[in-house]
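Throughout, read-outs are computed from the coordinates displayed, never taken from laboratory work. Remember, predicted model here, so these are calculated numbers, not experimental data.
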Amino acid sequence: MTTQDLSGRRALITGGASGIGLACAHEFSRRGAHVIIADRDEAHAREAAAQVGGEAWIVDLADTGDLDDLDLDVEILVNNAGIQRVSPIEEFDPDQFRLIHRLMLESPFLLIRAALPHMYGRGWGRIINISSAHGLRASPFKSAYVSAKHGLEGLSKVTALEGGPHGVTSNCINPGYVRTPLVEKQIADQARIHGIGEEEVVEKVMLTESAVKRLVEADEVASLAGWLATDHAGMVTGASYTMDGGWTAR
C-alpha cells in the first residue's frame, strides 16, 4: 500500500484525463492528495476525477489568453498536457507550431506563475514538468515538440532557482516513448515520413536508440512524479530525470 505522504495536499494535473496524466492522478490520489484533473475533454476529465475522488477543471490550455489572470491555489502542479505533430520543417503548419508552443510551454509558464504566490505563502510547493527525452535530444520532423520541450527544461530550471528560497522545487521527468494515445497516434505519420510499415515504427524509429527495447509504461512515470512531490525529494530541484531505457546515455 502506498504511504499517504501527500495527505492534505492539492495537486493539479494537466492533461489528466488519459495517458501519463491519468496515471499521475491515480498515483497522487493513492498518496492522499486531492487531485484536480485539468483537461479539455469534459467527459473523460469528469470520469477520471470520479475514479480518484477528485475534481475536474474543464479547460483548453492552448487558449492561453484566458490564463493571464489565473489564481491557482495548489501545492503540487504537474504540467503534463501535450500533443504531437510529425512533419518536415518546410511542410510544418505554422499554426500547429504555435499551438504546440502555447500548450506545452506558454501554458506551463502561466500555470506556474499563477501557483507560485500560494506556494511561496506556504513555504512549500512542487512543480513537476513532464518533459521528454526530446527535451534533451532532438529527432527529425518534430521541430515544434522538440523546441517546446527544450523551452520547458529552461523554464523548469529558472523556476527551481527562484523557488528554492521559498521551499518550492521544480523538476522535469524525461521519458522516452511511453505507451499512451499520444504515441500511438503518431505511428502512421512516422511510417509515412520514414517510408516503412507501421508495424516497423516502434522497433526502427521509437526504440532504435534505447538499450532497453520496450516502451515506457505510464505508471512508471507516475511513480517518479509521486516521489518528486514528497518531502523526501526536498533537495531535488532543477533536475531532469531520464526514464528512456538508456536513449540519452549515448
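Give 157/185; 149/213; 157/204 a once-over and call out the pairs whose C-alpha atoms are over 28 Å from each other. Violating the 28 Å Cα-Cα cut-off are 157/185; 157/204.
Pairs of Cα atoms nearer than 8 Å and 6+ residues apart set the relative contact order; for the chain it is 20 percent.
Could you calculate the contour length gain from residue 198 to residue 47, that is, 0.36 nm times the residue separation minus the distance between their Cα atoms, to one decimal place in nm? Numbers along the way, then the final one.
Values: separation 151, 0.36 × 151 = 54.36 nm, distance 3.15 nm.
Length gained, residue 198 through residue 47: 51.2 nm.
Centroid-to-centroid, using Cα positions, region 171-186 and region 223-250 are 15 Å apart.
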